[in-house]
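Enquirer: Structure provided below as structure tokens; questions to follow.
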Amino acid sequence: MSFGRSIDAVPASTDARLRTAVVGLTGAAAVALAGRLLATVLVNAPNGTSRAPVTGLATAGTVLAALALVAAGATDGSPVAGVGLLFAGVFGLLSVVAPAATLPAAVAVTAGTALSVGGRRSVLDGPTGVVAGLFVVALGVGLASGVVGIAATRGLASSLALVAVGLTPAFAAAGPGDLLGGAGAFTVVVAVGLAVPFVTGAVTLVSLGAVGTAMPVVALAVAGAVTTASAAVRERRWLLLAGLVLVAVAGIPATLDRALPFALGLATLLEGQR
């Protein structure tokens, strides 16, 4: 009897450790990406410092995101979603150690993310399903522009990714105060953009890798992020907040070091709906 109970307890214990690892790796990836964004802005400021911190943080964010995807895939209750996450994570790690695998990894990350979203259909309603689909399309178009080399789609990828971030309140139960904060953020971004358009465009380019995107789209992304973050903090939905941070600070997923955290962010947003 006791032996049988110990056998049953092993998988449960392992699963609990893996879930703890997913949370830790996701949080660490979010911190690394936020640090990279800040370092990128500082490096590109007048009299900026060395790019070494940016490179190190980008690599750390990529590895941590890939490991988190693998751990999440190993513990996901949906076989379809789990396989998709494992597919994206394993090929993401492979691209770090073998640059020649970048193109197959780009295909795998896109397909794996799409598969993971498909495996989560049961937790998605109409609005969240549309936004999740938009994230997947932005990921695919972004990697097509940056990895495959279809440069003409870079502007489209930028707009799709920013609009998707702007629509993340679909995942949150936003209240009047949250919406008011988002509206204020939209107004501030538009005002700053009109006052110093060159500086605003430069900051958006170097920090997020966004090109050819209209200022209202950038403002929508900021407003949506502020609204979702406010709702997540108010309701203490930390998975939602972590997913938002990842998709917001990863930037345009035109390279694998941005695409993997972007994919992890989407997976975390969906996990927060369960």
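Enquirer: How many Å² of accessible area per residue for the range 128-272, probe 1.4 Å? Show your work: numbers first, answer last.
Expert: Working: 5380 Å² over 145 residues.
Ligands and nucleic acids excluded, the result is 37 Å² per residue.
Enquirer: Quickly rank 146-152, 253-259 as a protection proxy: mean count of other C-beta atoms within 10 Å, highest first.
Expert: Values: 146-152: 14.4, 253-259: 27.3.
Averaged packing, sorted descending, gives the order 253-259, 146-152.
Enquirer: By how many nm would the segment from residue 152 to residue 202 grow when fully extended, if each residue of separation counts as 0.36 nm and the alpha-carbon distance is taken off?
Expert: Working: separation 50, 0.36 × 50 = 18.00 nm, distance 1.97 nm.
Extra length available between residue 152 and residue 202 comes to 16.0 nm.
Enquirer: While we're on this one: For residue 19 paired with residue 123, estimate the spin-label separation in nm (one decimal), with each label point 7 Å from Cα along the Cα-to-Cβ line.
Expert: 1.1 nm
Enquirer: For residue 234 and residue 97, compute 0.36 nm times the residue count separating them, minus their Cα-Cα distance, and round to one decimal in nm.
Expert: On the way: separation 137, 0.36 × 137 = 49.32 nm, distance 4.05 nm.
Extra length from residue 234 to residue 97 when fully extended: 45.3 nm.
Enquirer: Please report the projected area of the chain's Cα convex hull averaged over all directions, in nm². Could you put the intermediate results ahead of the total?
Expert: Values: hull surface 63.3 nm².
Mean projected area of the Cα convex hull: 15.8 nm².
Enquirer: Moving to a separate point now. With runs of 4+ DSSP H residues as the only contributors, calculate the mean residue ellipticity of the chain at 222 nm using -39,500 (n - 2.57) per run, divided by the residue total and rounded to the nearest 500.
Expert: Working: 11 runs with 215 residues, N = 274.
When only DSSP H runs of four or more count, the value is -27000 deg cm²/dmol.
Enquirer: Can you compute the radius of gyration and Dmax for the range 113-212, using only the Cα atoms, both in Å?
Expert: 15.8, 45
Enquirer: Leaving out ligands, DNA and RNA, what percent of the accessible area of the range 144-196 is carbon and sulfur, probe 1.4 Å? Walk me through the numbers on the way to the answer.
Expert: Details: 1900 of 2430 Å².
The computed percentage sits at 78.
The values are calculated or read from the model by the stated rules, or taken from the named source; none is laboratory data. Everything numeric in this text was worked out from a predicted model, so none of it was measured. Neighbour counts run over all protein chains shown; Cβ positions are idealised from the backbone, glycine included. Surface areas here come from the heavy atoms of the whole protein model, side chains and all, with no ligands, DNA or RNA. Shrake-Rupley method; radii C 1.70, N 1.55, O 1.52, S 1.80 Å.
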